[in-house]
Structures are given as C-alpha cells and as structure tokens.
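Have a look at the structure below before the remarks.
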Amino acid sequence: MTARKLAVVTAGLSQPSSTRLLADRLTEATVRALEGTGVASTEVEVTVIELRDVAQDVTNNLLTGFASPKLETAIQAVTGADGLIAVTPIFTTSYSGLFKSFIDVLDPQALTGMPVLLGATGGTERHSLAIDYAMRPLFSYLHAVALPTGVYAASSDWGGPTPAGSGAPVRSADGLADRIERAASELAAHVRTSDRSQQVHDPFALPEGFSPVGAFGAQ
Amino acid sequence: MQFGIFTVSDVTTDPTDDTTPTEGERIKALVTIAKKAEEVGLDVFALGEHHNPPFVSSSPTTMLGYIAAQTTDLILSTSTTLITTNDPVKIAEDYAMLQHLADGRVDVMMGRGNTGPVYPWFGKDIRDGIPLAIENYALLHRLWREDFVDWQGQYRTPLQGFQSTPRPLDGVPPFVWHGSIRSPEIAEQAAFYGDGFFANNIFWPKEHYMRLIGYYRQRFEHYGHGTAAQAIVGLGGQAFMRAKSQDAVNEFRPYFDNAPVYGHGPSMEDFTAQTPLTVGSPQEVIDKYAGMRDHFGDYQRQLFLMDHAGLPLKTVLEQLDILGEEVVPVLRKEFAANRPADVPEGPTHAALVAAAAARVEPVETSQAVTA
C-alpha cells in the first residue's frame, strides 16, 4: 500500500488556537478511521499547514504573483494530498480573510476532485451554518469534493458537560466528539481509495487539440 | 550575446521627493535613455506597449522610428507588442516600415499584455488571449513572407489577395520573439516557428523559468530548427548599482518599497534572493548575471529594466553608464568564454539576410532545373 497523504490547513490566528485544536482532533480521528479501514497510521503522512506561519508569504504572493519557496512547499503539500482537512475561524459571518487569501493563491484547478473535510470555529453556535453557506460553495466552485458532514466548534463545545465521574466528553447524537468521528470516517473512506497523491501533473501539457498555428491551420 | 534595456514606460511619482514627470517629460526621457543606451555600448532598446495610464507608450513604432533616426547601431525592439488586440495586418505594415527606416535594426517581441480591459477596449475577449496570439501571429507570419495572401480566420475579416506594404527589408522579416511568463502554448508557438523565446523572469523565481525555457528548447529541437542548445532565448533582468553596495541598497530601497508590481509586498532582501533583481555593486551584478547561463543554458539576449518606479532620469543615465562601462564588457567576456561555437549569436538583420541567402540558393537552382 502506498502512503496516504493527508493535508491539514488551519487558519487560526492565535497560538495556541481553538482552530488548531479542532484541526488536530479531526486529524487524529481521520487517522484512526483510516486504521479502521486497514490503513496503518504509519502509512498516513500528515502535513499540517498553520497559515499564520505563511501569512506574510500569502500576502506577498497576492501582490507579486509568485509563491516564496516556503509557501510553495505548503501549496504542494495541499494540492498533492489525497485528502484535505480545512479549518478556519468564522469572522464576521464567513471564513477568515487569511483562509480565503490562501485559497486565492492556489491554482483554481488544483483542488479538483480533492476530498475536503470542512471545519470551522467560532465564539457562538449561531455561526455554525457558515460552513454550509460560505465554505461549501467555495470548495464546490473549485470542484473539490466537500464531504457531507462539516464540523463546527463553538467555544461552548470545548466545555460541554461531562458525565459525572468520567473524564470523557459527552457523546450524544449532536455532540462535538460525535460529529468529529462521523466527519473523519467520511474523509477516511475517500482518502483510502484516492490516487491524487500518485498522479503526475505535467505543467506543460498543451490543451487538447492545440495547434501552434491556430484552429484554422496553416493556410 | 546581446545586451540591452527594456522599459514599460511608466509615469511614476518619485517617492523620495514626491515629484511626477509629465507625460511629455517621460516621453522625451525615454528617447534620451535610448540614445544613452547606444552611447554606452548596449545593443538593444525595447519598448513596451500599453493603452492605459500611467504608461505613455501606446504607439511604439512612432517612438522607435524617432529613436531610429537618432541612432546608428542600436537594435530597436518591443517588450511587448500586443499580438492579441492589435490587427496583425497593421503590425505587419508598421514594423516593416520601421525596419526600412531603421535599416534593419528592428525586431519584435510578441506578448499578450497584462491589462485585462485592453481586450474589450479593442473589441476582443480576454478568454481568447491564447487563440488570438496564435491566430494573429499565423497571419502576420504569412503577410511578411508571401506577397499575396488569401486568408480566413476566426478573429479578423478575411483577406483575398492582400499584400501588406512595404515588403520586409531585403525580403527578410524582422526577427520575432515570443514573450511569456507562464503559458506553454506560447513556448510551443515560438518553438514551432523557430522564433525566439523571451522569458521575462524579473518577478518570479528562476526554477519556474528553467522549466519553461527547458520546454521551449526541447520543442525547438523537436520541430527541427536545430538542437535544444541552439534555440534562441532572451531573459529579463533588473539591477541598481553604486560603487559601494550599501549605497545602492539605501538609495534604491524607497523605489523598491513603493514600486508598482512588488511594492509594499516582499522585502527587498527576499525579492533579490528570489528573483534576478540585484541591488549592490557592479561586481555583484556581474556575478549574478554571469551565473544565468548555468541555469538557462547559453542564451542570446539579456535585457535589463532600469528606468521604472519613479527613478529620476539623471539616476537612470548614471545606471546606464555603470551598466555599459563596468558590467556589460565583463559579462560579454564571461559569456564568450566556453560558449560552444554552434550556439547562435543574438539575431541581427545582417545575419538573417545571410541565412536567407544560404537557404534560397539551392532552391532556386532546383526550380531552374524543373522549369
């Protein structure tokens, strides 16, 4: 079995951030779910990209049109993965500007067919639909495969009630832990069968039917 | 190996004193800069084409014709001529006219432009950029080589028995470069015709251009114009020099920090590390550019952007003195050393005339036999 590549993009601004916390929980759950389908955790290559670390490079790329070597490495890790976990804080009703700026410097075709687990964090539960009205259309436009279960974690989710005497979080149909498990198993199913990381992309491939003298040919 | 300068003809405020030249001053400054280029021994002056402020060069052949009358050796070129939105018939006529007036000291670099609205302003659709560049050049190529052209395409009214005048000087069309920063289609087009390929690599890291130029060279060979090493390659460059490196850094920094394109973005240190921009002593510029052929192979033309971002004319002329007197003579020696004998020199009209004569003679003989 060839190694599965899992990319994690997290757009939290503080360190530590609850966005990174959610990204890590989603990553662990996905690796576990992959193990459940027969992919050993040693066979899963996880690359976490903290957008904060490349924030300057992302801005420079927007201004100059090219990526610094550091950002290029991050872009390659994302676009060449078998699956992507994308987690952003919700600011002013939508994904953060940094998150969108990173998406904007990707080639618009680079995420075609990419299974994406959508995750978001916010101060209150009231913004949970931002995953569906903001993030999901973004990835649909890019022809990515946005998985059905998105995971939104409000501040209160991190302090949810725990059953008396147990250290485990509440497990109910709509509890955070449960949503994480469900989303992770959806992503794992796609990552297991993906061959995206094995594909070879030829940047010099000419469009089909291209002729150096044009459609009418040399007359 | 040819060395020269290329300009985008921007009218930009000097950030150090907040002064802005008038369009008239900038236009006259461009003429002064071109004449200076010849005076300091550079080979090429190339002028961009734009149709929106803050650029003044909307009519390149007018300016190049004016410069041609005041120079004797300088090759006049473009950077670039918009093959997408100009009528190829008018390009054929304008540059053939310029070629006659300049006694052959003319070549042309085709490009698609980087200003989206130019397409609709000239009645075109930007989504047709590549097909326009391909089809328009296919027509231009024929207009310069066939006396009477019947032609039909997708983007222009058909022609029946059309002859563009004047015919190219000595029956040899101006040499053509195709400029591209990204599109393999344009590298393919340049290779197909055996034309030159100019990679304006001044804003992006070299790895990208090593691949793009490598592709062009490989396709040049594929189409039978020579070996990959014989393909005709031009590169962009950018430098600011003072005798003391730190003086150059201090003087250029405000221009860098406020420049159109990269200003307010990466630091000058990052940008010089990642792109060909060199800010420092003449020796640092020599070292950086002497190393170019290690990345791109032996090539034919190196153009420098020297006059943008609001640099005052006086400074630009000082830069050209340093470039022409201290940098280029050393680079000429460096590039000549170990250059394989079968790698062509930079294209000139005289060389193209000689090559055409060598090609035509055997054909005429065989026609005479069959006639």
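A few comments on the model shown:
- Among the candidates A:T30, A:T59, residue that is more than 14 Å from chain B (Cβ to nearest Cβ), touching a residue at least 24 places away in the same chain (Cβ under 8 Å) and among the β-branched types (V, I, T): A:T30
- Test set (1) polar (S, T, N, Q); (2) more than 14 Å from the chain's Cα centre (by Cα); (3) over 25 Å from A:E72 (Cβ atoms) - A:T149 fails condition number: (2)
- Condition check for B:Y299: assigned to a helix (DSSP H, G or I), in contact with a strand residue (DSSP E or B) (Cβ under 7 Å, 6 or more places away or on another chain) and in contact (Cβ under 8 Å) with a residue 24 or more places away in the chain: no
- Among the residues of region B:243-264, those that are buried (at least 19 other Cβ atoms within 10 Å of the Cβ) and either within 14 Å of chain A (Cβ to nearest Cβ) or in contact with a Gly (Cβ under 7 Å, 6 or more places away or on another chain) (or both) comprise B:A248, B:Y255, B:F256, B:A259, B:Y262.
- Segments classed as helices (runs of 4 or more DSSP H), wholly inside region B:43-159, with at least 1 members that are within 14 Å of chain A (Cβ to nearest Cβ): B:88-101, B:129-143
- Residue in region B:168-181 that is at the interface with another protein chain (Cβ under 9 Å from one of its Cβ atoms), more than 21 Å from B:H349 (Cα to Cα) and part of a loop (DSSP other than H, G, I, E, B) present: yes
- Residue within region B:243-261 that is aromatic (F, W, Y), in a helix (DSSP H, G or I) and in contact with a Lys or Arg (Cβ under 9 Å, 6 or more places away or on another chain) present: yes
- For beta carbons closer than 6 Å, sequence separation of 6+ or different chains, a first residue in region B:306-332 that is buried (at least 20 other Cβ atoms within 10 Å of the Cβ) and a second that is among the acidic types (D, E) and part of a helix (DSSP H, G or I), there are no qualifying pairs.
- Of the residues making up region B:212-242, those that are within 28 Å of B:D107 (Cβ to Cβ), outside any helix (DSSP H, G or I) and of a type outside the set (A, V, I, L, M, F, W, C) are B:Y223, B:G224, B:H225, B:G226, B:T227, B:G234, B:G236, B:G237, B:Q238.
- Options B:E284, B:E318: the member that is farther than 25 Å from B:K35 by Cβ and among the acidic types (D, E): B:E284
Laboratory data are not the source of any read-out in this text; all were calculated from the coordinates shown. Predicted model, so just to flag it, every value in this text is computed and none were measured. Every residue, glycine among them, receives a Cβ derived from its backbone with ideal geometry; neighbour counts consider all protein chains shown.
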